[in-house]
Structures are given as structure tokens and as C-alpha cells.
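This report concerns only the one structure given below.
The values are calculated or read from the model by the stated rules, or taken from the named source; none is laboratory data. This is a predicted model, so every value here is computed, not measured. Glycine gets a Cβ as well: all are built from the backbone with ideal geometry, and neighbour counts include every protein chain shown.
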Amino acid sequence: MTGKMHTGNPVPVSDLASELLDPVLRRRAGLSIDLVQSWAEIVGERLASRTRPEKIAWPRRLHEDDPFEPATLVIACEGPAALHVQHETGEIISRANAFLGFAAIGRIKIVQKPISTARPERKKALRPLADAERQRLAGLTEGIEDPGLRESLEKLGASILASSRKSPLANS
């Protein structure tokens, strides 16, 4: 991945994904994972679910001595959200620049397109545990002295048993 040796220490998957995706986002869209992940803080909760940053378009410099010109932040919006973004353009530019640490963004371009947001999946209803299953779980965890740990393990065991179709402990 990045040439780092595996040390045996656990690494959060989000860190690995960021290492892989951040260079791709920067190259293709001029965005960073951090900007995308902090989008709700930049545009506010109300707009975050109906907008997303598409790219940061930097003006071409013909010569390296040309003066710095701020970029255009391209924001994808669903229909009615475009009007809200338009009214809050100044605030969004200020927050984006504060996030980036310098006056990188000078204007916003709105592109109307559907924004897909992952809808949380509904949890399946778990079946109730049989008395034998509850007693068996209590027996398995009775030697654990820490009440918090014992309760957590009982909940874990109950959810595992309840998610299975048949009662594996009822016959044991």
C-alpha cells in the first residue's frame, strides 16, 4: 500500500481506506477525504444530506509566476437544495476556506444531480430467547466477576442466539 512495514498492530479500516482513496480523490477531483468527511460541518446538517462536494477546480496557470487565483468548489445538489446553497454561498466559502486553512475557494459552482445517500438498513426483529437459552447464557457468564463485562457478554450471546433461526442451546 504505502510501503510501510506491517508491525502487527491493528489499524482502523478507515485509516487504510483514507491512505488508498485520498491520493485518488486529490488527483481526480482536487478533494481530500477529510473535506468529504467534514462536509456536514462545512455546509451544515440541513444541506449535508442533499449536497456533496464534487471537485475543486483550480484555474490554470500559464506560468509559475502568475498570481494565485482561488479555486471553484463544485457542489452537486438535488433540485431544491441548489437554491439553499446559492443563498449560503458566502458562508460555505468561508467555512471551506477555514477548513482548508487558507483562501483556497473563491466561488461555488452548483451542479444539479441526484445525490445518493445510504439509507440505514432496518434491523431484523430478533426472536425471543427460550428459557433454556437464557439459563445457559447465565451459566456461561456466571464466573465473570466484572458486572459490566458479564452483562455485555450476555447481550452479545443473546443477540447471536436470537439471530439464528433455531435454538442451538435449547437442545444442549
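Is there any pair with a first residue in the range 135-162 that is touching a residue at least 24 places away in the same chain (Cβ under 8 Å) and a second that is exposed (fewer than 12 other Cβ atoms within 10 Å of the Cβ) and hydroxyl-bearing (Ser, Thr, Tyr) whose Cβ atoms are under 8 Å apart and which are 6 or more apart or on different chains, and what are they?
Arg136/Ser172
Can you tell me which residues in the range 43-91 are closer than 21 Å to Gly101 by Cα and among the β-branched types (Val, Ile, Thr)?
Val43, Ile56, Thr72, Val74, Ile75, Thr89 - these are the residues of the range 43-91 that are closer than 21 Å to Gly101 by Cα and among the β-branched types (Val, Ile, Thr).
Just to check your reading of the model, which residue among Leu129, Leu149 is farther than 18 Å from Ala48 by Cα and surrounded by 15 or more Cβ atoms within 10 Å (Cβ to Cβ)?
Leu129
Quick one: in the range 81-103, of everything that is within 16 Å of Val36 (Cα to Cα) and buried (at least 17 other Cβ atoms within 10 Å of the Cβ), which residue is modelled with the lowest pLDDT?
For the range 81-103, the residue satisfying everything is Leu100.
Within the set of pairs 6+ apart or on separate chains, which have a first residue in the range 64-80 that is in a loop (DSSP other than H, G, I, E, B), a second that is of a type in the set (Lys, Arg), and C-beta atoms under 7 Å apart?
Filtered contacts from the range 64-80: Glu78/Arg50.
Filter the range 52-70 down to residues that are closer than 17 Å to Ser94 by Cα and at pLDDT 85 or above and give me whichever is surrounded by the fewest Cβ atoms within 10 Å (Cβ to Cβ).
Checking each candidate, the answer is Pro70.
Looking at the range 52-62, is at least one residue closer than 12 Å to Ile115 by Cβ, touching a Lys or Arg at 6+ places or on another chain (Cβ under 8 Å), of a type in the set (A, V, I, L, M) and assigned by TED's automatic domain parsing to the domain that holds Ile105?
Taking every residue of the range 52-62 in turn, none turns out to be closer than 12 Å to Ile115 by Cβ, touching a Lys or Arg at 6+ places or on another chain (Cβ under 8 Å), of a type in the set (A, V, I, L, M) and assigned by TED's automatic domain parsing to the domain that holds Ile105.
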